[in-house]
Structure formats: C-alpha cells, structure tokens
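The values are calculated or read from the model by the stated rules, or taken from the named source; none is laboratory data. If you're wondering where the values come from, they're calculated on a predicted model, not measured in any experiment. Please note: Cβ atoms are built from the backbone with ideal geometry, for glycine as well, and neighbour counts cover all protein chains shown.
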Amino acid sequence: MKIIKRIIKGLLILVFLLPTSIFSQTQEQPFIKVKTMHWNMNLDDFSMQNWKALELEYFNKITKQNEYILSATVLQHHFTGDSSEILFITVFNSWNDIDLATKRTEELMKIAWPNENDRNAFLKKQAKFYAKAHSDEIYKSIPGTKQIEHTDLPLLYYVRTSYYTFPEDGTKEEFQSLLNQYNDVVTNNNEYYKGYYPQMHYYGSDRTEFLEVFCAETLAGLEKGIAKQGELFRDHWADQKAQDDYNNKYGKYLTGIHNDRIFSSVPDLYKPRSQN
C-alpha cells in the first residue's frame, strides 16, 4: 500500500477540463464506452479458465469481427474499492458507430450461432459469471492521448477521476495552449507511461467527471512514471514562480477532489486499433 499512497500523493497536476466546445476539432476524439460488470460472488463452480474461454470465444467471433468497434479491452480489479469489478472498454470513432456496432453485433451473433437455442445457451453460460447489476458510462477522448503500442503483456491501468468546475473565465486558447505545453514536454516524454488517455464525461451519472488513464507495465513503473512527471515538469518550468503560475492557471478548472483506481488488463481480450 506504500506504493499506492505515493502514487496518490506524488501525482502532479496534469490535464484539466473545459466543456466540449473548447477543444480542437482537428484532432481525433473517439467515444469510449465503459461497461462496469461485477463477478457473481454466489457462483459455486467459478473457474477463471472457463470464464476466459467463453469470453475469448465471444471476442474472436464478435468483437474482433465488428468493424465499428475501433478497439476494446477488458480490465480487472487490481487496487480499487470493489474487488468484484470488471470493466469492458469499447472505443468507437463516432457516436453513430455505437449504434451501428450494436446492430452489427446482433448480425455476428446469428452468424456465429445460427441456431437460436445454441445462441441462447452460450449467452446463458456467459451471463452466469456476472451479477445482474451493471452500469454504463460514455466518455469522449480529448486531445493529448498517448497511444499504447501493441503488446501481449498485461498492463496496469491507473484511472484518476477528477471533477471540473466550468470556470466562467476559462478560454479555449488558454486551455489548449497549456494542455499542449504540458503534453509536449512531460507526458509524451515519460518512458514509464506506455499510454495516456484523457477523457471527459459525455453520457452517464456525473457530467463533472474528468478521467485520466495512465498505463504502465508494473506498479514500480507507475511510481517511476510519477517521479518522471515531476522531473520533466521542473526541468521545463525551472523556477518556483513559473511552476506556481502554471499550476494556478490550471487550478481554476478543478475542484481539487479526485479518486484513484488501478486495474489490470487481460491481454487476450485486447483489440488494438491497428486491427481495423
């Protein structure tokens, strides 16, 4: 837990949020659907091997074949407040593609299991691993993404959720300039972070949410990444006045409250963007 405490204490100010209209429309901003499921804790014959086999069958026959799904990954609890959590992340190029992907999934299901009884039997076996309750959130990517290079290794996903304030004196020009500066000199030069994904709320329970997702190979990598962020930040804004000025400009956009979660990925259930 010492590592986690250092992660929470050590993370410097990164990227902040304004309403959708202020972001540059020239950069790709895909939609991210996060479906949070929960393990069925009452399942007596639970087998991780059987679960993975079923999900891999679905992944190969449906997710990989669905051209409207830009990418997909599955995340399991590592250090979170709920050990039953399992997240299914699906990325789409556009809002319209979300609906098209749903229709395409229905078509692929009928192709994979032409017999309705067989199809229902598979879905029943798949569903028994999960509790009935689940939640869905949709986020929109904002400029500053650092894409993961394809890997067959499991990664840790550190998810930091902050909450923005919609400042009346916030401007597109100020935010975009500060955002670009920070990513150019800090995040994009941090070799310990294999990926970085800033996202804003689009559909769900809390419109003030701002998510930053940092990907690393190990907990030690996350910790080293935090230290590297600070080092790169201080190298660029060398004196205290410059650091304070930068942080004060950013500080007006956030409430100062955040929460932290760490998930681990399931490499076999990862659909990289290059596959489309």
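A compact table of results
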| read-out | value |
| --- | --- |
| Test: residue in segment 20-42 that is part of a loop (DSSP other than H, G, I, E, B), aliphatic (A, V, I, L, M) and either touching a Phe, Trp or Tyr at 6+ places or on another chain (Cβ under 6 Å) or modelled with pLDDT under 50 (or both) | no |
| Qualifying residue in segment 140-156 (condition: surrounded by 16 or more Cβ atoms within 10 Å (Cβ to Cβ), in contact with a Gly (Cβ under 7 Å, 6 or more places away or on another chain) and closer than 22 Å to Pro272 by Cβ) | yes |
| Which listed residue, of Lys194, Lys140, Lys132, is without any contact (Cβ under 8 Å) to a residue 40 or more places away in the chain and of a type outside the set (Gly, Ala, Ser) | Lys132 |
| Scope segment 58-86; condition more than 20 Å from the chain's Cα centre (by Cα) and loosely packed, with under 15 Cβ neighbours inside 10 Å; matching residues | Asn60, Glu67 |
| Flag for Glu116 being closer than 19 Å to His38 by Cα and of a type in the set (D, E, K, R) | no |
| The listed residue being under 30 Å from His38 (Cβ atoms) and in the same structural domain as Ser162 (by TED's automatic domain parsing), out of Leu232, Leu219 | Leu219 |
| Residues of segment 192-243 that turn out to be among the aromatic types (Phe, Trp, Tyr), within 13 Å of the chain's Cα centre (by Cα) and over 18 Å from Glu149 (Cα atoms), as a count | 1 |
| Single unsatisfied condition, Asp184 versus (1) in a strand (DSSP E or B); (2) out of contact with any Lys or Arg (no Cβ under 8 Å at 6 or more places or on another chain) | (1) |
| Test result for Thr161, among the polar types (S, T, N, Q), surrounded by 15 or more Cβ atoms within 10 Å (Cβ to Cβ) and either in contact with a Lys or Arg (Cβ under 9 Å, 6 or more places away or on another chain) or at negative phi (or both) | yes |
| Any pair with Cβ under 7 angstrom, 6 or more apart, that starts in segment 143-161 at a residue that is among the hydroxyl-bearing types (Ser, Thr, Tyr) and ends at one that is crowded, with 19+ Cβ neighbours inside 10 Å and not in a strand (DSSP E or B) | Tyr158/Ile7; Tyr158/Leu222 |
| Condition broken by Ile7, with the remaining ones in (1) farther than 24 Å from Leu100 by Cβ; (2) surrounded by fewer than 19 Cβ atoms within 10 Å (Cβ to Cβ); (3) in contact with a strand residue (DSSP E or B) (Cβ under 8 Å, 6 or more places away or on another chain); (4) modelled with pLDDT under 50 satisfied | (2) |
| Long-range neighbours under 6 Å by Cβ, at least six apart or interchain, first residue among the acidic types (Asp, Glu) within segment 241-261, second modelled with pLDDT under 95 | Asp260/Ile8; Asp260/Arg160 |
| All positions within segment 101-139 that are within 30 Å of Thr161 (Cβ to Cβ), buried (at least 16 other Cβ atoms within 10 Å of the Cβ) and of a type outside the set (Gly, Ala, Ser) | Thr105, Phe129, Tyr130, Glu137, Ile138, Tyr139 |
| Subset of segment 68-96 [of a type in the set (Ser, Thr, Tyr), assigned to a loop (DSSP other than H, G, I, E, B) and farther than 19 Å from Ala127 by Cα] | Tyr68, Thr80, Ser94 |
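Yes/no per residue for (1) polar (S, T, N, Q); (2) in the same structural domain as Thr36 (by TED's automatic domain parsing); (3) loosely packed, with under 13 Cβ neighbours inside 10 Å:
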site	(1), (2), (3)
Leu178	no, no, no
Tyr182	no, no, no
Asn190	yes, no, no
Pro198	no, no, no
Gly204	no, no, no
Phe210	no, no, no
Gln240	yes, no, yes
Asn247	yes, no, no
Leu254	no, no, no
